[in-house]
Amino acid sequence: MLRFLTLGQLQSNCYVFACDQTLEGVVVDPGDEAQKIIDLIEEEKFKILYIINTHAHIDHTGANREIKKATGAKILIHKEDADMLEMGRYDLSFVQQELALSFSVDRKLVDGEIIKFGMQKLKVIHTPGHTPGGICLLGQDVLFTGDTLFKDSVGRYDFPGGNKEDLRKSLEKKILGLDDNLTILPGHGPFSSLGEEKKNNLVLKDLLEK
Ligand SMILES: [Zn+2]
Ligand SMILES: [Zn+2]
């Protein structure tokens, strides 16, 4: 079962994804407005095992602490973004400094790792470029893309830790070879499919040509 909320000033997509049988689930990118996420979890009677951050930016991690407190879930993030999250030192000019929380990461993810909850599982795909430890999460018919791939666009690579060549390689080598029928669930904006993006995403085409 997949539910989503668009939250906060930067309109980040937060996903709650759970096993239909056991109701065990994960929260992907709780960026803001923790109470709305908690209400949804309680309404659906989900048992949240993990909070997974696609990367360390505050608009994807801002409600980590409150969701952890409310659910007891563990915080998971790729090892190369974990320090930034723990130190709260991700310098983004567009966010308020007081939101730069610091807290500990429970599990540092690596490429290829499988995250299991109930009958469901998600595979971690390390896709650096937007940040060094950015990840996509691959399920049976869904791909959570964080700020790596959007409908009609790709992630910015001009923030600290961003790298255009890394982003190009991540998309080309790790994402574009996946099944075209996958539903793309991005960190911002509307959903899409991988096939659609391969066909129609001009920003992606432009990036790949360079
Ligand atoms: Zn970001
Ligand atoms: Zn974002």
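Read the figures in this text as sums done on the coordinates, not as results from a lab. Predicted model, so just to flag it, every value in this text is computed and none were measured. Backbone-built Cβ (ideal geometry, glycine too); neighbour counts: all protein chains shown.
A compact table of results
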quantity: Greater than 32 Å apart at Cα, pairs in Lys69/Lys174; Lys36/Lys199; Lys79/Lys205; Lys121/Lys199; calculated: Lys69/Lys174; Lys36/Lys199
quantity: Packing rank of 35-44, 7-16, 21-30, where each peptide gets the mean count of other beta carbons within 10 Å, highest leading; calculated: 21-30, 7-16, 35-44
quantity: Hull-based mean projected area of the range 2-209, where the convex hull spans the alpha carbons, in square nanometres; calculated: 10.2
quantity: Mean separation of Cα contacts under 8 Å (6+ apart) over length of the range 2-209, as relative contact order %; calculated: 16
quantity: Alpha-carbon centroids, the range 1-36 and the range 128-146: separation in whole Å; calculated: 15
quantity: Filtered trypsin sites (Lys or Arg not before Pro), the range 109-180: DSSP coil and at most 16 other beta carbons within 10 Å; calculated: Arg156
quantity: Point-charge dipole on Cβ atoms (K/R +1, D/E -1) for the chain, about Cα centre, debye to 20; calculated: 420
quantity: Low-density loop cleavage sites - trypsin sites (Lys or Arg not before Pro) in the range 38-77, where at most 15 other Cβ are within 10 Å (DSSP); calculated: Lys45
